[in-house]
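These notes are about the structure you will find just below.
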Amino acid sequence: MKKTSSKRNVSGTAKVDTETSGEHPVPVLDGRCVTRTVRNIRNMPQGALAKVRAQSEELVGRVLDVYAREIAAGEVGHGGSARAGKKAVKGLGPTGLLYGRIQSGKTVAMITFTALAVDNGFRVVIVLTTNFLELVRQTTDRFNDLGRVLVRASTERDDWSKDAEVEHLRKTVGDRGLVLICAKHPGHLENALGLIDEIGGAGYPALILDDEADQASLDANERKRGRAKNPDEVQATAVHKAILGIRQRLRHHVFLQVTATPYALLLQRVDSPLRPKFTFLLEPGEGYTGGESFFSKDHLAHSTGDGIPPLVFIPEGESLEIEKGPEKTPRGLEDAITYFLVAAAAQSIADPEVLSRSQNFLCHTSHRRSEHDKLHELIVAFTAELADGLEEGHERAQNLVRWAHAELGKTIEEGSLLPPLEEIVEDIVDRLPRRKVRIVNSEGKSGEEVRGAPNFIIGGNIVGRGLTIPNLLVTYYVRKPKVSQMDTMLQHARMFGYRMDLMPFTRVFLPRSLALRFWGIHEAEEELRDLLPNVDALDKVPVRVVGELRATRYGVLDTGSVMTIRSGKHLYPPFAKVDLSSSRVRRVEKEMRKIWPEWKDVGRYGPDDVSLEKIGEILDLLAYKEWDDKALLVILSSVASKKNSIKMVYRDMDRGVRRTLADQSLATGALSGEELAVARKRSVPTFFLFRQVKARPCWDNSLFFYPSIVFPASMPNHVYNDSEVG
């Protein structure tokens, strides 16, 4: 079959090669829209932007292939009609996942990808964003970097609903394309659907980009429906239903979910329209600082028990102290504020241009508004006290600043970016009276940040997802809800991003227990990102769970189909498989002799190291349908040895002496208590293979093989959705 290069509108070498066929449209990679758009983007380093563009080009190629294969050929890509045929696809359009990292450039990737999509014939793009109007405006402002494309927001309905504007959009959408930024709110989504109808949007190839797709788009009644006697009587939640309505109206569309925390999406039932069928990993560019820069083992493992920069550990009880509403500022918060003022002073002295921007401190303690109000009081009172103390030479204020100066000295050498203490104190005294303390929540109306002054941001859920905080120097994080979720907690990591130049000034103040949780979540994320490129669309994807945390909220999952593999789990089939063909039995026996050349069916062998590849072959031969071999092997691989092996033990057994013909269950498995205890203490899982060596009527006189797996007590828990395609 011939190969052809991706089409460009200007001269240049193609970055993507695709096969020429009706199912492989050739992408346009240098169209007018993307060329102008990349030129307009200014809020990302050029090296990182180049990487985002290269990945967006790869992603648009994937989407074009999916569109041609599952929707229609000849509509998108080079030479495409840019019009949607009248024939609707079966069900909804295909669903994909753009899996980025926290503040790694997902919005820039969406913008660049949208520009490429418009160049390739997509004409209607709906961008679903959180139901927080400030974020809708922020997203709209950033999408205005798109060259030539018309950009509208659901917050501006009064402007675009006028007859003249609707007529203008109807006439120009076919040429320029329309991007509609829409809040995930039933009223906004209904208005968006009305606009799509008025301008004939269903007649064009469409994209729906669901930003933070794991947040409001899922049906929060999924768990309730799974438990109901009459599931059809349980209505879907309003936002979920409204999004499905838009998907049904846009007959030729690709639905692309965008998030850094896809656990709720991957744990949906396999046949759910919101479970991604293809995944694209967005890798960050140079200068990105994520979990590895904040919560690696190196940051946590210190002989003194102190955090290593950028971590500063505060007392474990401070979160409870904050929750009770203290009259005096807790010591950890005092240290965090003082360090922030010292770091902000050092930064502004080293680089006076910083004074044209804001310097920010994030205080994240809970979602409770009453707590936000109390923190506002504490920060205002303490900063006033510190300002007075420094001006009047009080010893306590001077000691606090000396400590903060020494802490900053751990990452900045004095004489380079670290000014003398006297100069820092002078800057604090000069600028601190202009400080701004802002509450950012659904009721917060604290105004804009103050440039050239210290800004304190207090918030909960709203500052935990999507909101970008520029020049964030210090994070004070003590949030300890009764039930913690991995996706929610990871989204709180607003300190991640393209901030390598800020790292010498940056600190995160938190209890060590919360730092350990962040470390575990970072490890789980790395495991998942390594796994996803190697699984098929309908594979059961296991998500590693950290300690007592939940992967995500239960309400959006059919929990009856979510399986958990816990640490120390003894996994065994409930029934013996007595009908294995003689050819398969001989092949299992052959595999045993490969592992143990002296093997005989009577006796005990192992424990020995056996590769996961070999374990997989044996499981496939045994054909125990109660087990999902693929999911098990993925989980086993995450805790296997460095050589990708686990322990294996073989021994004979004789069960069923008193059982009846009707009773072929092995309700307690085949392991003894001592064997189980020893296996749980191992550092890797143990695969046990037993063989019934005496003919018993209850087993149809079959000398069957029977497997068991014991996971280490030290292993993290994993969950996956065990549903099948209907």
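For segment 39-57, the criterion of a residue being among the β-branched types (V, I, T), surrounded by fewer than 22 Cβ atoms within 10 Å (Cβ to Cβ) and modelled with pLDDT under 95 is satisfied by at least one position. In this structure, L97 does not satisfy being closer than 30 Å to G245 by Cβ, in contact with a Pro (Cβ under 7 Å, 6 or more places away or on another chain), of a type outside the set (D, E, K, R) and modelled with pLDDT under 95. Residues that are closer than 20 Å to N471 by Cβ and without any contact (Cβ under 8 Å) to a residue 24 or more places away in the chain number at least 1 in the following helices (runs of 4 or more DSSP H) confined to segment 332-444: 421-431. For segment 696-726, taking the residues that are at pLDDT 90 or above and out of contact with any strand residue (DSSP E or B) (no Cβ under 9 Å at 6 or more places or on another chain), the one that is nearest to K577 (Cα to Cα) is identified as A713.
For segment 29-77, filtered to residues that are closer than 28 Å to V89 by Cα and of a type in the set (K, R), the residue that is farthest from the chain's Cα centre (by Cα) is R69.
Among the residues of segment 151-162, what is the count of those that are modelled with pLDDT of 90 or more and either in a helix (DSSP H, G or I) or over 21 Å from T130 (Cα atoms) (or both)?
Going residue by residue through segment 151-162, those that are modelled with pLDDT of 90 or more are 151-154.
Remaining after also requiring either in a helix (DSSP H, G or I) or over 21 Å from T130 (Cα atoms) (or both): 154.
Selection size over segment 151-162: 1.
Mind listing just one residue for me: the one in segment 277-327 that is among the aliphatic types (A, V, I, L, M) and part of a helix (DSSP H, G or I) and, of those, surrounded by the fewest Cβ atoms within 10 Å (Cβ to Cβ)? Out of the qualifying residues, it is L320.
Entry remark, segment 186-212: residues being under 27 Å from the mean Cα position of the chain (by Cα) and of a type outside the set (G, A, S) number 9 in total.
The values are calculated or read from the model by the stated rules, or taken from the named source; none is laboratory data. Not measured: the values here are computed from a predicted model. Backbone-built Cβ (ideal geometry, glycine too); neighbour counts: all protein chains shown.
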